[in-house]
Amino acid sequence: MSMGSSTKVSSSALDIERIRKDFPILKRRIHGKPLVYLDNAATTQKPQQVLDALAHYYEEDNANIHRGVYQLSTAATEKYDTARQKVSSFINARASHEIIFTRNSTESINLVAQSFGRSNVSTDDEIVITHMEHHSNIVPWQLLCEQTGAQLRVAPIDDRGQLKLDELERLINSRTKLVSLVHLSNSLGTINPVAEIVQIAHQNDVPVLVDGSQAAYHMPLDMQSLDCDFYVFTGHKLYGPTGIGVLYGREALLEKMPPYQGGGDMISSVTFDKTTYAELPNKFEAGTPHIAGVVGLGAAVDYINSIGFDRIMSHEQDLLTYGTTELSAVPGLQLIGTADRKASILSFVLKGVHPHDVGTIVDTEGVAIRTGHHCTQPVMERFRVPATVRASVAMYNTRDEIDVLVRALFKVREMFPI
């Protein structure tokens, strides 16, 4: 194992020390040790630029939006609308009104399930998902199937955690009303060939939803090139605030879909006899939104754009390659998820040690990792393990931090010899 030396750097051009200074929490010490935060797949830390944007909004511009003619409300509305335009450009949507703000990816998927799904899915229809989905991309479709009498079909994965594309293609037929799949698996790191899958589905006139919760902060997104019908992601994994999510939807589909929730700001007019609904995107944003969260998400997008995905991807791929090699030196360690195309996730089990024990012991070394089923219980069942240990990297992580993790795992191995 290569022990951490201060001269060891990634091969990318990322100025990692400057970036780390932008994240105040990385200065923390845990059990007297420097924090090594490797639970980025759960949530990322926030740069000072995002924290400042949140504080500035509440200190200088706090007012409700779209409802006031006074200066403060106008300023808040402008920041909110500008953030929507930033998100639209960030994923290259065709128009900013194709961007719907929600609480998180989970709510975005539920919105599609209950609005598009209830309008288009009926008895004996089918919805196709994959075996590597997060619970948030399983349960909403199960609920829809219970409500409508439709059937849920599941495309299998192989022993390396790769989607069996030919079997997915065979599942799509005249009864299929939607394909919904993850872009980047949160428990395996697998990157699915979503553009190819969208093309296959569209040849059968089947719309596609892509869960981009993990992908959005690791790689550039282009909705026009990807050509999917719905794409969801969440702000708190994108170096932004919690409580803010995004649903991108193709305009023609969103126009036909009924509102998901009723209330203020999603209406054009209301009488006791009839309500008419607002134009996109307001039709799907009932009530006072998380204005500060949207402003913070806009700041997070600005931050990512200032660094550039080319450098972020190069740095993170270096960490993934390095981490794979170094973890393989730990006796009895088995990686779960070894796809040819993967990113950010190092998921593993350690022979003879429960993952929760691993997590508890490495925490004493200041290392924050996730242990459990990662809201992907079917994946755990597929690999016949109760849980895994998951280390997940972000732009501010370093090779030295990987070394700290590996040394901590050797400590675990000493406590639990094979």
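Some notes on this structure:
- Fewest neighbouring Cβ atoms within 10 Å first, the residues VAL301, VAL128 line up as VAL301, VAL128.
- Annotation: the residues ILE100, ILE418, sorted from fewest to most other C-beta atoms within 10 Å of their own C-beta, follow the order ILE418, ILE100.
- Compared with the dominant Cα axis of the chain, that is its longest principal axis, helix 309-327 is turned about 40°.
- Residue ranges 329-336, 65-72 sort as 329-336, 65-72 when ordered by packing (mean number of other C-beta atoms within 10 Å per residue, highest first).
- Expressed to the nearest 5 percent, the antiparallel share of DSSP beta bridges inside the chain is 60 percent.
- Helix 399-415 axis, angle to the chain major axis (alpha carbon atoms, nearest 10°): 60 degrees
- On Cα atoms only, tilt of 291-307 relative to the major axis of the chain in degrees: 50 degrees
- Hz values of 3J(HN,Hα) by residue in segment 347-352 - Karplus curve (6.51, -1.76, 1.60), Gly and Pro given as x: 10, 7, 10, 10, 3, x
- Rough spin-label spacing in nm, given labels placed 7 Å along Cα→Cβ, for ARG28 and PHE410: 2.8 nm
- Spin-label model, ALA75 to VAL385: label points 7 Å out along the Cα-to-beta-carbon direction sit 5.1 nm apart.
- Table column - 3J(HN,Hα) (Hz), segment 172-179, Karplus curve with 6.51, -1.76, 1.60, x for Gly and Pro: 7, 8, 5, 8, 6, 9, 6, 10
- Full-extension gain in nm, GLU255 to ASP310, via 0.36 nm per residue minus C-alpha separation: 16.3 nm
- Pairs exceeding a 28 Å alpha-carbon distance, out of LYS46/LYS177; LYS27/LYS86; LYS46/LYS351; LYS86/LYS274; LYS46/LYS342; LYS256/LYS342: LYS46/LYS177; LYS27/LYS86; LYS46/LYS351; LYS86/LYS274; LYS256/LYS342.
- FRET E, pair GLN377, THR325, Förster distance 25 Å, beta-carbon r, rounded to 0.05: 0.25
- Bins of 10 Å, starting at 0 and running to the largest distance - Cα pair percent for segment 161-208: 26, 55, 18, 1
- Summing +1 for each Lys or Arg and -1 for each Asp or Glu among the other residues whose beta-carbon sits under 10 angstrom from that of ILE127 gives +1.
- Charge tally in the Cβ shell below 12 Å around GLN199, where Lys, Arg are +1 and Asp, Glu are -1, GLN199 excluded: -3
- The simple spin-label model puts a point 7 Å past each Cα toward its Cβ; for ARG20 and SER268 those points are separated by 5.6 nm.
Every read-out reported here was derived from the displayed coordinates using simple, explicitly stated rules and does not represent laboratory data. All values derive from a computational prediction rather than experimental measurement. As a convention, Cβ positions derive from the backbone with ideal geometry for all residues, glycine included, and neighbour counts pool all protein chains shown.
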